[in-house]
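So the structure is just underneath, and the comments pick up after that.
The values are calculated or read from the model by the stated rules, or taken from the named source; none is laboratory data. Since the structure is predicted, the reported quantities are computational estimates derived from the model, not experimental observations. Here the Cβ positions follow ideal geometry from the backbone for every residue, glycine too, while neighbour counts run over all protein chains shown. Calculation scope for accessible area: heavy atoms of the full protein, side chains included, ligands and nucleic acids excluded. Shrake-Rupley method; radii C 1.70, N 1.55, O 1.52, S 1.80 Å.
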Amino acid sequence: MRLSHQYRLRPTVQQQAQMEQWLELLRRQYNYRLAERFNWWEQNRCSVNACPLICHLPELKDRPSYYSQSTDLPNSKTLFPEYKQVYAQVLQDCVKRVEKTYDRWVKGDSTGKRSGKPRFKGKGRYRSFTFPQMKPDCITGKFIKLPKIGNVKLILHRPLPNGFKIKTATITRKTDGWYLSLSLEDTSVPIITPDAPTLDNTIGIDLGLKSFLVTSAGESVEIPQYYRKAEKQLKRLQRQLSKKKKGSKRRAKAVKRLAKAHLKVANQRKDFHYKTANHLLTQGHVAHEDLNIKGLAKSRLAKSVNDAGWGQFLQILSFKAAKAGLMTIPVNPNGTTQQCSNCGETVPKTIADRWHSCPHCGLELDRDHNAAINIKQRAVGHPVQALGGDRVVEPEKREAYTVS
């Protein structure tokens, strides 16, 4: 089993200066290695499939890879002696990051989905570095020993779980200070095989903007709207920032104040997501709609969708479920609101209609509650029995309905 714990660091002034210098050197190294790959790409991709006997094409170079670029790191240390201060494995991890982001653009991830073209890191945009290997006894009391940095004070607000070993350590610079993320592993923990979802051990949730979610049991979780509540303060801080002279110390302070306000909103939202996910998983497997969140975030509801943070919530829910030996089950969202959860008939509704009233079976309940029940039934493959028991609507057929 693999876990991740995050702690706050209290480095000294000298240690902060050293880590800031590391981040700047790693940023330059990242841009240089990325530029090498871009240059190779431009020189070697060509649509011309033939050339005359006499041509003046440049000599083709070998394709840059993680091994070739990491082997070239000693040359960087020779040309720029300041790189000798950076731990060797941290530099190698920087090259690995370049390869990962470049391959996701050219080849795509494991599902074949490609990311956008990588961008060069501007000043201050490289915010973390990773130690790929850490000693088991690196944490002693309230300090952690980092290679070439020394003992850094650590706020150990929760102890490390017994039996887990530290695999990697990532130092991250945020607006309000420095943080340490530890990747922990325990190979003795068996992989839990979740039970098959049934009507008894599964709940369905319908995500929305009026309420954050409504469960198939009728429980409603109100949406906190942290960004909208802080919008007035954020606008005021943004106006103050726009009046400051570029490059001045007052502008830098204004940037920090605005960044802290945004960070507080993000932390409040993440805390709400974790607490909500923990509450849901106490009831069993969780079924949810397989929403196109990126598409919704580009619509006129973009501010509300981003403020709710559905994508982050579903990601946290998936991680917490795997840790608890449970499942999150995405289902087709088409028709979940329009169909009756009791008889399976289609009951057309507009966005303004917030109540489900079925003229076929007489079911009366909130439309989001009705949708959550439909989501649960699709997740467990439970057919909807019609009145009289002489007709069955299979979930596969119901998924073909569209929202009207």
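Brief remarks on what is shown
- Taking the criterion of being open to solvent by less than 20 Å² (accessible area, probe 1.4 Å) and over 13 Å from A287 (Cβ atoms), the only residue of the stretch 193-210 that qualifies is G208.
- On the stretch given as the stretch 329-353, residues that are under 34 Å from the mean Cα position of the chain (by Cα) and outside any loop (DSSP other than H, G, I, E, B) total 4.
- Number of the exception - I166 against (1) part of a strand (DSSP E or B); (2) at pLDDT below 95; (3) within 30 Å of R63 (Cβ to Cβ): (3)
- Pairs are defined by a Cβ separation below 8 Å, a sequence spacing of at least 6 or placement on different chains, a first member in the stretch 341-356 that is free of Cβ contacts under 8 Å to residues at least 12 places away in the same chain, and a second member that is open to solvent by 70 Å² or more (accessible area, probe 1.4 Å); no pair meets this definition.
- Qualifying residue in the stretch 44-65 (condition: on the phi < 0 side of the Ramachandran plot, open to solvent by 70 Å² or more (accessible area, probe 1.4 Å) and either assigned to a helix (DSSP H, G or I) or at pLDDT 95 or above (or both)): no
- Counting residues in the stretch 340-348 that are in contact with a Lys or Arg (Cβ under 7 Å, 6 or more places away or on another chain), at pLDDT below 90, over 23 Å from R228 (Cβ atoms) and not hydroxyl-bearing (S, T, Y) gives one or more.
- Count - residues of the stretch 141-165 that are free of Cβ contacts under 8 Å to residues at least 60 places away in the same chain, of a type outside the set (A, V, I, L, M) and open to solvent by less than 70 Å² (accessible area, probe 1.4 Å): 2
- Selection within the stretch 166-184: residues that are within 19 Å of the chain's Cα centre (by Cα) and under 13 Å from Q16 (Cα atoms). The member of this set that is least open to solvent (accessible area, probe 1.4 Å) is I171.
- Subset tally (residues that are touching a Leu at 6+ places or on another chain (Cβ under 7 Å) and modelled with pLDDT of 90 or more) for the stretch 178-202: 4
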